[in-house]
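Chemist: Take a look at this one; I'll ask things after.
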Amino acid sequence: IVESIIDESSKGYVNKAARMLMAMEKQRVQLQGIPQKEAGRAYEAVWNASEKSKRWSLIINLYQRVKVEPGLLDLDDDKMDSVLRACERTADGVQAEAILREAGESPSRYNRVIRAHTKQLEVTDAVRVYRELQQQGWKLETSTINLMMQVCFAIKQVDYSLKLFSAMDALGIEADDRTFAIAIRSATQASRKEGGGWMVALRMLNAMRTKGTANGMPAVKDGPLVPSAFCFGAVIRALAQAAEAEKALSVLGQMKAAGHEPDAAVYAAVMRACAARGRLENTVKLMEEMEKEGVAPELPNVAAVLQGCDRKADSERAVMMLRALPKYNLSPTTLTYNMAMSACAKGGDVGLVKDLLAEMDQGSDDIKPDIVTLNTVLDAYKRAHAWEDLLEFLLEMENARNMPPDTVSVNTAIKACKDEGQFDIAFQLFEGMGARGLVPDSVSYTEIISACGKSQDWERAQAVFEAAKQSPLALNTFIYNAMVGAAVACGEAETALNLIKDMRSEGLNPDIVTFTTVMTMCTKLEEWEAVLFLASELEASKLSLTRPLVGQVQRARAGLQAKSQPERKEASV
């Protein structure tokens, strides 16, 4: 029986050997026919096979059995380290700590216990054992702090992950490639929450490639290091999130120079950054570069090009990209059609928008129009000043298409009618939102108050503003700016000035639009003291005077000077 167990273990059949070992144990208990020494040989074989195949749970079970029968197996330092490793891998912090006390303390064993507690999210116990480690004059290993950072990242505590990274230099712990990879990922997540994380990620990438210690960074283990493709990709994604197109292109070049081949996802991130900055030519060039290097474009790459077309209102190129999808073995989706239609709408090509909508109506379920599609059609009519066609399509959405307009749809219609001087229709659309089951949002209130100003209907503007105050929505700068504009248009100068005070009492800061509207009104009324006071308030708000406002300030100073000259002459006489 023993020889069979040893034979199966040597062949790597660990599960079979373990079952035979259990059967042997039953015979030993019942018949007592196998000596302890011979049984120990079987245990040794299964233990060694379990270590080779990394069957950590089995090693812990063997250890617990051997503890019951002293002398069955020699639990030397190597075996105790093996059990500790198994506890770490199975996240059994309690068992690991018990073994530490039994086997004797060492820096590596302390680190394994800390890692076991950390994996089990037993943070309090991990900190307690870490303090013991410090009292012994030992320090954390790089792999231990890597795991702690990884766990913080996994539970979305990226701030703590970055704090651990920052503390490594003071603790005298060197950072390896994995440390930097986790830190860069944490910085990338931080950039989504707060912004500015891309700068930290970029500094980390540069620190990896330095021989010494960069400012605020831990020492690099076996440095300088060549960043992995993952590190490069993480930094590029952080830059793309912040729309830092120039830097994203630079890091992409560095990635290639380091011998890494960017995949379609990395290219898509750089292309998104370029598209967000309106750099359509760079986006198209990257698409061509992918084809030359044999990287098959995916839908995110196509979406980035379409996004660039949308920003530049390039309807021709957007439609060309949509038609090129079969060339890349890709099928169009509702999203790609919507993006192409948006570019056409901004380009003022209503005919193309209608053609694309007809294709979607006749196409498969993958490209059927959704509410975004129909809102894009409304936007195209608005930009083309075709308010009558817009209203007709709004009715078509409700009736023929059985897709009721949403708040965005009605807001688009209100703005179109306001811009074309159809104020009564705009008011009707706003007042009918409740009947459609829609709740006005900040855009609704902003547009209708603006319409009141253009139509010189001050009473209605006041009523809508009061309704906005009573709504669950918090008043914002846009609504206040619309109300200031309405007050100026209706000749309510004092109210316009008081609204700036009201904004500040609501915790809102007037922006350049607010100051421009009120200063222009004061200039027309030749209220020069008010113009200069508002200019000082604008600069105190850390805003810059635009060229027209600079001209108004100069007129105000000249006006005050001219006003004071007759008074001086009379005084001298």
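The values are calculated or read from the model by the stated rules, or taken from the named source; none is laboratory data. Model, not experiment: these values are computed from the prediction. Cβ sites come from the backbone with ideal geometry, for glycine too, and all protein chains shown count toward neighbours. We work out accessible area using only protein heavy atoms, side chains counted, and drop any ligands, DNA or RNA first. Shrake-Rupley method; radii C 1.70, N 1.55, O 1.52, S 1.80 Å.
Chemist: Indicate the gyration tensor shape class of the range 264-326 (rounded, prolate or oblate), computed on the Cα atoms with a ≥ b ≥ c the square roots of the eigenvalues: a/c under 1.5 is rounded; otherwise a/b larger than b/c is prolate and the rest oblate.
Modeler: oblate
Chemist: Working from Cα positions, state the angle (0 to 90°, nearest 10) between the long axis of helix 334-346 and the longest principal axis of the chain.
Modeler: Orientation of helix 334-346: about 30 degrees from the principal axis.
Chemist: Distances longer than 31 Å among the Cα atoms of the chain: what percent of all pairs is that?
Modeler: Summing the P(r) tail past 31 Å for the chain gives 70 percent.
Chemist: Further question on the same structure: Report the gain in length on full extension from ARG41 to ALA23: 0.36 nm times residue separation, minus Cα-Cα distance, nm rounded to one decimal.
Modeler: Details: separation 18, 0.36 × 18 = 6.48 nm, distance 1.52 nm.
Here the answer is 5.0 nm.
Chemist: Go ahead and run the numbers for FRET between ASP424 and PHE533, Cβ-Cβ distance against an R0 of 35 Å, rounding to 0.05.
Modeler: 0.35
Chemist: If DNA, RNA and ligands are ignored and the probe is 1.4 Å, what is the ranking of THR517, THR283 by accessible area, most exposed first? Numbers along the way, then the final one.
Modeler: Values: THR517 40, THR283 0 Å².
Correct descending sequence by accessible area is THR517, THR283.
Chemist: Could you tell me how many degrees, from 0 to 90 and to the nearest 10, lie between the Cα long axis of helix 56-68 and the main elongation axis, the longest principal axis, of the Cα atoms of the chain?
Modeler: Value to nearest ten degrees: 40.
Chemist: Oh, and also: When every alpha-carbon pair in the range 362-492 is counted, what percent end up more than 17 Å apart?
Modeler: 59 percent
Chemist: Go through LEU330, LEU395, LEU322 and list them by solvent-accessible area, largest first, probe radius 1.4 Å.
Modeler: The most accessible residue leads, giving LEU395, LEU330, LEU322.
Chemist: Compute the distance in nm between two label points, each set 7 Å from the Cα along the Cα-to-Cβ direction, one at LEU330 and one at PHE230.
Modeler: Those two pseudo-labels are separated by 2.7 nm.
Chemist: Could you state how much accessible area ARG112 has, in square angstrom rounded to the nearest 10, with a 1.4 Å probe and all protein chains kept in place?
Modeler: 50 Å²
Chemist: What distance in nm lies between label points placed 7 Å from Cα along the C-beta direction at ALA558 and LYS292?
Modeler: So the label points at ALA558 and LYS292 sit 5.7 nm apart.
Chemist: Continuing with this model, one more query. Tell me the angle of helix 93-103 to the major Cα principal axis of the chain, expressed in degrees between 0 and 90 and rounded to the nearest ten.
Modeler: Between the helix axis and the principal axis of the chain, the angle is about 40 degrees.
Chemist: Test of understanding: what is the full-extension gain from ILE1 to ARG401, defined as 0.36 nm times their sequence separation minus their Cα-Cα distance?
Modeler: So the extension gain works out to 136.2 nm.
Chemist: Still on this model: Please report the accessible area of HIS260 (heavy atoms, 1.4 Å probe, ligands and nucleic acids excluded) in Å², nearest 10.
Modeler: 50 Å²
Chemist: Express in whole angstrom the spacing between the alpha-carbon centres of the range 272-348 and the range 387-449.
Modeler: With the range 272-348 and the range 387-449 each reduced to a Cα centre, they are spaced 31 Å.
Chemist: At a 1.4 Å probe radius, which order do LEU252, LEU532, LEU438 fall into by accessible area, largest first?
Modeler: Solvent-accessible surface, decreasing: LEU532, LEU438, LEU252.
Chemist: Sort the following peptides by mean Cβ neighbour count (other Cβ atoms within 10 Å, averaged over residues), highest first: 366-379, 337-350.
Modeler: 337-350, 366-379
Chemist: A further question follows. Probe 1.4 Å, all protein chains in place: accessible area of PHE515 in Å², nearest 10?
Modeler: 0 Å²
Chemist: Let me ask another. Return one whole number: the accessible area per residue of the range 385-469 in Å², for a 1.4 Å probe.
Modeler: Here the residues of the range 385-469 average 48 Å² of exposed surface.
Chemist: Quick one: work out Rg over Rh on the C-alpha atoms of the range 215-346, Rh as Kirkwood radius. Please report the intermediate quantities before stating the final value.
Modeler: Details: Rg = 16.2 Å, Rh = 15.4 Å.
Radius of gyration over Kirkwood radius for the range 215-346 works out to 1.05.
Chemist: Further, regarding this structure: Shape verdict for the range 67-166, please, from the Cα gyration tensor: rounded (a/c under 1.5), prolate (a/b greater than b/c) or oblate.
Modeler: prolate
Chemist: Another one. Quick one: grab the alpha carbon gyration tensor of the range 443-503, order the square roots of its eigenvalues as a ≥ b ≥ c, and give me rounded if a/c is under 1.5, else prolate or oblate depending on whether a/b is larger than b/c.
Modeler: Judged from the Cα gyration tensor, the range 443-503 comes out oblate (a/c at least 1.5, b/c at or above a/b).
Chemist: Can I ask one more? Leaving ligands, DNA and RNA out of it, report the carbon-plus-sulfur percent of the accessible area of the range 355-455 at a 1.4 Å probe.
Modeler: On the way: 2190 of 4570 Å².
Exposed carbon and sulfur together represent 48 percent of the surface.
Chemist: For the range 229-332, what does the accessible surface come to per residue with a 1.4 Å probe? Please give it in Å².
Modeler: 45 Å²
Chemist: List every residue whose amide H lies under 5 Å from the amide H of ALA175, counting only residues 5 or more places away in sequence or on a different chain, with H placed 1.01 Å from N in the peptide plane.
Modeler: Those lying under 5 Å, H to H, from ALA175 are ALA219, VAL220, LYS221.
Chemist: Could you calculate the contour length gain from ALA243 to LYS542, that is, 0.36 nm times the residue separation minus the distance between their Cα atoms, to one decimal place in nm?
Modeler: 105.2 nm
Chemist: Also, quick follow-up: Percent relative contact order of the chain, based on C-alpha pairs within less than 8 angstrom and at least six residues apart?
Modeler: Relative contact order, the chain: 4 percent.
Chemist: Determine the calculated [θ] at 222 nm for the chain from helices alone, applying -39500 (n - 2.57) to every DSSP H run no shorter than 4 residues and normalising by the residue count; nearest 500 deg cm²/dmol.
Modeler: -23000 deg cm²/dmol
Chemist: How much of the accessible area of the range 57-187, probe 1.4 Å, is carbon plus sulfur, in whole percent? Don't skip to the end; give the middle numbers.
Modeler: Working: 2960 of 6000 Å².
Ligands and nucleic acids excluded, carbon and sulfur reach 49 percent.
Chemist: Modelling each spin label as a point 7 Å along the Cα-to-Cβ direction, I'd like the ALA435/ASP502 distance in nm, to one decimal.
Modeler: Computed distance between label sites ALA435 and ASP502 equals 2.9 nm.
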